[in-house]
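Visitor: Here's a structure for you.
The values are calculated or read from the model by the stated rules, or taken from the named source; none is laboratory data. Keep in mind that this is a model prediction, so the values were computed, not measured. Using ideal geometry, Cβ is built from the backbone for each residue, glycine included, and neighbour counts are taken over all protein chains shown.
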Amino acid sequence: MTIQQLKYIVALDNFRNFVKASESCNVAQPTLTLQVKKLEDQIGLILFDRTSQPLKPTPLGKDFIKKSRDILVLIDELKGTVNDEKTNMNGTFSIGIIPTLAPYLLPLFIKEFLEKHTQTKLKILELHSEDIIEKLEKQQLDIGILATPLNEKNIIETPLFYEPFLVYTDNIKSITKGKNKISSEDLKPEGLWLLAKGHCFRDQMLKLCELKRVEFERNILMEGGSIETLKPLINKISGYTLIPELSYNEATDKKHIVRFESPEPVREISIVTHKNFTKEALITALRKSILKHTPEAFKKNSRFVKINWR
């Protein structure tokens, strides 16, 4: 028994004619006739007296058709509930965002987003990638914004943009050897400053520099908690680190920045949700708002090398 079969018998009861019923259902008359007969065979009940003109339901068929109408009404109500769930953005939603993205991306779009969607309240948590994944899996978090791909079967990824890596250094000449741009092969372990373990950006840095770990080569080994912690240390002590381009501040960082040769290494940034999360309108609105304030080069640059962290 299918929903479509129920629709056919209700239409046949309405029009009491196979041709008119099939036209109302936008289906060929033989198809409707076949499906009605198939349903009657399945339930072991003759629903319509085909000897009468016009066609009419049998006594038992009347009760079955009435219940079929009730079922179709409930199905329509259920569809309406699902559609409302997808389009309704009212309520409070939790968003986990990685620390190497939060202070740079959120100020770009969050004020305008909240002013436009006044019935939407956001609880934002700065979390490491693995914590975001764990909370999404347990459905303790609604949305994550982080570097992908994650390749988790229960998580849906909606890519936003591709953010280039930049080199931040106290001595551009020592890094570039006279070139305007560099390649990953130019990067050496000596002088590299890393973010602390737990940052996915740290893992991307190590992959890009083709390193397993960093040894002591000076009498300090600092694993910074944030990019902004590493910058002044590099300026005072020496060395280099990698930063995501959104963290670049032209006013203070310009004389410390080196870009990579094309194709540039980038990280893919995505909105991620559990597969059971139903608020499609919220995802669409967030994505639209973020992309409105994201540099065009992040969205249109097709020449890049994506650096994964997992």
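Visitor: For GLU228, indicate whether it is surrounded by 16 or more Cβ atoms within 10 Å (Cβ to Cβ) and touching a residue at least 12 places away in the same chain (Cβ under 8 Å).
Guide: Taking the combined requirement at face value, the residue does not satisfy it.
Visitor: Among the candidates ASP13, ASP76, which residue alone is surrounded by 13 or more Cβ atoms within 10 Å (Cβ to Cβ), free of Cβ contacts under 8 Å to residues at least 60 places away in the same chain, on the phi < 0 side of the Ramachandran plot and not aliphatic (A, V, I, L, M)?
Guide: Among ASP13, ASP76, only ASP13 is surrounded by 13 or more Cβ atoms within 10 Å (Cβ to Cβ), free of Cβ contacts under 8 Å to residues at least 60 places away in the same chain, on the phi < 0 side of the Ramachandran plot and not aliphatic (A, V, I, L, M).
Visitor: Could you please let me know if LYS38 is part of a helix (DSSP H, G or I), surrounded by 12 or more Cβ atoms within 10 Å (Cβ to Cβ) and either under 42 Å from the mean Cα position of the chain (by Cα) or basic (Lys, Arg) (or both)?
Guide: Yes; evaluated as a whole, the condition is true for this residue.
Visitor: If I filter the stretch 191-236 down to residues being assigned to a loop (DSSP other than H, G, I, E, B) and modelled with pLDDT of 75 or more, which single residue comes out as nearest to the chain's Cα centre (by Cα)?
Guide: Ranking the candidates gives HIS199 first.
Visitor: Within the stretch 256-310, track down each residue that is within 18 Å of LEU141 (Cα to Cα), in contact with a strand residue (DSSP E or B) (Cβ under 7 Å, 6 or more places away or on another chain) and surrounded by fewer than 14 Cβ atoms within 10 Å (Cβ to Cβ).
Guide: Once the filter is applied, which keeps residues that are within 18 Å of LEU141 (Cα to Cα), in contact with a strand residue (DSSP E or B) (Cβ under 7 Å, 6 or more places away or on another chain) and surrounded by fewer than 14 Cβ atoms within 10 Å (Cβ to Cβ), the stretch 256-310 yields only LYS275.
Visitor: Among (1) loosely packed, with under 12 Cβ neighbours inside 10 Å; (2) without any contact (Cβ under 8 Å) to a residue 24 or more places away in the chain; (3) assigned to a helix (DSSP H, G or I), there is one condition LEU60 misses while meeting the rest; what is its number?
Guide: All conditions pass for LEU60, except number (1).
Visitor: Taking the criterion of being part of a strand (DSSP E or B), over 17 Å from GLU245 (Cα atoms) and not assigned by TED's automatic domain parsing to the domain that holds LYS254, would at least one residue in the stretch 130-149 satisfy it?
Guide: yes
Visitor: Select, from ILE145, ILE98, ILE124, ILE110, the only residue that is among the β-branched types (Val, Ile, Thr), touching a helix residue (DSSP H, G or I) at 6+ places or on another chain (Cβ under 9 Å) and closer than 16 Å to LYS279 by Cα.
Guide: Answer to the selection: ILE145.
Visitor: Considering GLN53, GLN35, GLN29, which residue is in contact (Cβ under 8 Å) with a residue 24 or more places away in the chain and polar (S, T, N, Q)?
Guide: After ruling out the rest, the residue left standing is GLN35.
So that you can scan it fast, the table gives a plain yes or no per residue for (1) in contact with a Cys (Cβ under 9 Å, 6 or more places away or on another chain); (2) modelled with pLDDT under 95; (3) within 21 Å of LEU74 (Cβ to Cβ); (4) not in a loop (DSSP other than H, G, I, E, B):
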site	(1), (2), (3), (4)
MET1	no, yes, yes, no
LEU6	no, yes, yes, yes
LYS20	no, yes, no, yes
VAL27	no, yes, no, no
PRO30	no, yes, no, yes
THR33	no, yes, no, yes
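Visitor: Being touching a Ser or Thr at 6+ places or on another chain (Cβ under 9 Å) and not in a helix (DSSP H, G or I) is the requirement here; does MET89 meet it?
Guide: yes
Visitor: May I pose another question? Look through THR120, THR158 and report the one residue that is buried (at least 17 other Cβ atoms within 10 Å of the Cβ), within 27 Å of THR294 (Cα to Cα) and polar (S, T, N, Q).
Guide: THR120
Visitor: Here's a follow-up. Cβ-Cβ under 9 Å, sequence separation 6+ or interchain: first residue in the stretch 154-179 and on the phi > 0 side of the Ramachandran plot and assigned by TED's automatic domain parsing to the domain that holds GLU245, partner buried (at least 20 other Cβ atoms within 10 Å of the Cβ) and at pLDDT 90 or above. Which pairs?
Guide: Partner pairs satisfying both residue conditions: none exist.
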